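Handing you this structure, nothing more for now.
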Amino acid sequence: EAGVAQSPRYKIIEKRQSVAFWCNPISGHATLYWYQQILGQGPKLLIQFQNNGVVDDSQLPKDRFSAERLKGVDSTLKIQPAKLEDSAVYLCASSLIESRISGANVLTFGAGSRLTVL
Amino acid sequence: AQSVAQPEDQVNVAEGNPLTVKCTYSVSGNPYLFWYVQYPNRGLQFLLKYITGDNLVKGSYGFEAEFNKSQTSFHLKKPSALVSDSALYFCAVRGTYKYIFGTGTRLKGLA
């Protein structure tokens, strides 16, 4: 099966500019996640969608970050305006639908989009 | 609140020797525990998971992990390391709807 697709793989921008990342999950995966991975740290969840609804966005800096998942498939993560501390790899992951019963679904990750803010 | 700790930033192991990468967790209720591996410029890849049952879980590439409820640990192990096992390893715990990842341990296999 095709994996999780992300683009662009690399992006360099100056601070205060904007950037958008795109993710196409595995077909049939209802749950989609965006993680931020800063160098030397573990992935931090930014936002979790189930179909096209938001399950958790408690750690998303909403003053500058936004994300959408129209039609419950592809998703876009936007940063505007970017700050130096946003330099990181943005990982998209997907899984089968989450529920209290399903328990431990495995996440499938894309290769990530590396952002450098100068 | 749920959390995961990986106390070692890096582990060096000679090829052929057994390896252990440590992980401890904190979660209310029964834990769902995972190990993922990340190679350079790649996303995370699933290695193995513990849901319930046998405390020794076997996964991909000869890796296994031991669940210890009393010590709240889920250490990753491999009987005989390879240089190609060199990568970044992440432990994760799944609580209510949310996955929490540890900070990662870099494994360096030595020839």
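The values are calculated or read from the model by the stated rules, or taken from the named source; none is laboratory data. What you are looking at is a predicted structure, and each value in this text was computed from that prediction instead of being measured. When we count neighbours, we look across all protein chains shown, and the Cβ atoms used for this are built from the backbone with ideal geometry, even at glycine. Areas reflect the complete protein model, heavy atoms only, side chains present, ligands, DNA and RNA absent. Shrake-Rupley method; radii C 1.70, N 1.55, O 1.52, S 1.80 Å.
Under the definition of partner shielding as Cβ atoms of other protein chains within 10 Å of a residue Cβ, what is the mean value for peptide B:28-41?
Per residue, the number of nearby Cβ atoms from other chains is 2 on average.
Give me the percent of accessible area attributable to carbon and sulfur for chain A, probe 1.4 angstrom.
Result for chain A: 52 percent of the exposed heavy-atom area is carbon or sulfur.
Given Cα positions, please report Rg to Rh for chain B, the hydrodynamic radius being the Kirkwood one. It would help to have the intermediate numbers written out before the result.
Values: Rg = 13.3 Å, Rh = 13.9 Å.
Taking Rh as the inverse mean 1/r over Cα pairs, Rg/Rh reads 0.95.
For the interface of A with B, what's the total buried accessible surface in square angstrom, probe 1.4 angstrom, rounded to the nearest hundred?
What A and B bury together is about 1900 Å².
Could I ask something else about it? What percent of all Cα-Cα pairs in the protein assembly as shown falls in each 5 Å bin, counting up from 0?
Once binned at 5 Å, the Cα pair distances of the protein assembly as shown give 1, 7, 14, 18, 19, 16, 12, 8, 4, 1, 0.
Further, regarding this structure: Can you tell me which aspartates and glutamates have their Cα less than 18 Å from the Cα of A:LYS11? Leave out same-chain residues fewer than eight positions away.
Qualifying aspartates and glutamates at Cα under 18 Å: A:GLU85, A:ASP86.
Further question: Under 5 Å between amide hydrogens, which residues at least 5 positions from A:GLN17 or on another chain qualify, with H placed 1.01 Å from N in the peptide plane?
So A:GLN17 has HN proximity to A:ALA82.
For segment B:3-104, which whole percent of the accessible surface, found with a 1.4 angstrom probe, sits on carbon and sulfur atoms?
The computed percentage sits at 48.
What accessible area per residue, rounded to a whole number of Å², is obtained for segment A:5-99 using a probe radius of 1.4 Å?
Working: 4600 Å² over 95 residues.
Counting only protein heavy atoms, the per-residue value for segment A:5-99 is 48 Å².
With the other protein chains left in place, how much accessible area per residue, in square angstrom, belongs to segment B:3-104 at a 1.4 angstrom probe?
46 Å²
Sticking with this one: Taking the mean number of other Cβ atoms within 10 Å as a proxy for protection, how do you rank B:5-15, B:59-69, B:99-109 from highest to lowest? If you can, show how the numbers build up before the last one.
On the way: B:5-15: 14.2, B:59-69: 15.7, B:99-109: 20.2.
So the order, starting with the most tightly packed, is B:99-109, B:59-69, B:5-15.
Additional query: With heavy atoms of protein chains only and a 1.4 Å probe, what residues of segment B:68-111 have at least 20 Å² less accessible area in the full set of chains than alone?
Buried on complex formation: B:PHE90, B:ARG94, B:THR96, B:TYR97, B:LYS98, B:TYR99, B:PHE101, B:THR103.
Quick one: length gained pulling A:SER27 to A:SER58 fully straight, 0.36 nm per residue minus the C-alpha distance?
Full extension of this stretch gives 8.5 nm more.
For peptide A:42-49, what's the mean number of Cβ atoms from other chains within 10 Å of each residue's Cβ?
4
Cysteines without a disulfide-compatible partner in the protein assembly as shown, using Cβ under 4.7 Å as the rule?
none
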